[in-house]
Amino acid sequence: MDLPGPIHDFLLVFLGSGLILGGLGVVLLTNPIYSAFSLGLVFVCISLFYIPSNSHFVAAAQLLIYVGAINVLIIFAVMFMNGSEYYKDFNLWTVGDGVTSVVCTSIFASLITTILDTSWYGIIWTTRSN
């Protein structure tokens, strides 16, 4: 799909922000139904990333398989869970949560450091066929 530069950039930023917000929703939302719907948003954004690169079949297959089957199966399984047992003995913060947040924060900081220290000049991002 030959989109003008600003529209292509806006589309990538929009889908990327939807991916990040959906991923945060999967991790941070305590209700499993809302988390499953956020996972559906992530699957839709991933499938829409294939459309600007002219991979329409892969985008359609991604929508049908992941959003249409896997996410519906997850929602179906979550709805069979007993909701009162899920919130019983719900601790707000545990030792495992602290260790996980420290590990994830250090990985994120090292990733940001690596991205900022990398020389991106001269990398060929796309190739065009003649």
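The values are calculated or read from the model by the stated rules, or taken from the named source; none is laboratory data. Note that the coordinates shown come from a computational prediction; the quantities given were computed from them, not determined experimentally. Don't worry about glycine lacking a Cβ; one is built from the backbone with ideal geometry, like all the others, and counts go over all protein chains shown. Areas reflect the complete protein model, heavy atoms only, side chains present, ligands, DNA and RNA absent. Shrake-Rupley method; radii C 1.70, N 1.55, O 1.52, S 1.80 Å.
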Return the distance in nm (one decimal) between the two label points of a simple spin-label model at ASP9 and ILE123, each offset 7 Å from Cα along Cα→Cβ. 1.7 nm
Counting only protein heavy atoms with a 1.4 Å probe and every protein chain in place, the carbon and sulfur fraction of the accessible surface of the range 1-122 in whole percent equals 75 percent
Residue by residue through the range 8-15, what is 3J(HN,Hα) from phi via Karplus (6.51 cos²θ - 1.76 cosθ + 1.60, θ = phi - 60°)? Round to whole Hz and write x for glycine and proline. 5, 5, 4, 4, 5, 5, 5, 5
Karplus ³J(HN,Hα) for the range 20-27 (6.51 cos²θ - 1.76 cosθ + 1.60, θ = phi - 60°; Hz, whole; x = Gly/Pro) runs 5, 5, x, x, 5, x, 4, 7
Log entry: pair-distance distribution for the chain, C-alpha pairs binned every 10 Å from zero, whole % per bin is 10, 26, 32, 22, 8, 2, 0
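With runs of 4+ DSSP H residues as the only contributors, calculate the mean residue ellipticity of the chain at 222 nm using -39,500 (n - 2.57) per run, divided by the residue total and rounded to the nearest 500. Could you put the intermediate results ahead of the total?
On the way: 6 runs with 85 residues, N = 130.
Estimated from H runs of four or more residues: -21000 deg cm²/dmol.
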What number comes out for accessible area per residue over the range 5-108 if the probe is 1.4 Å? Units Å², please. 70 Å²
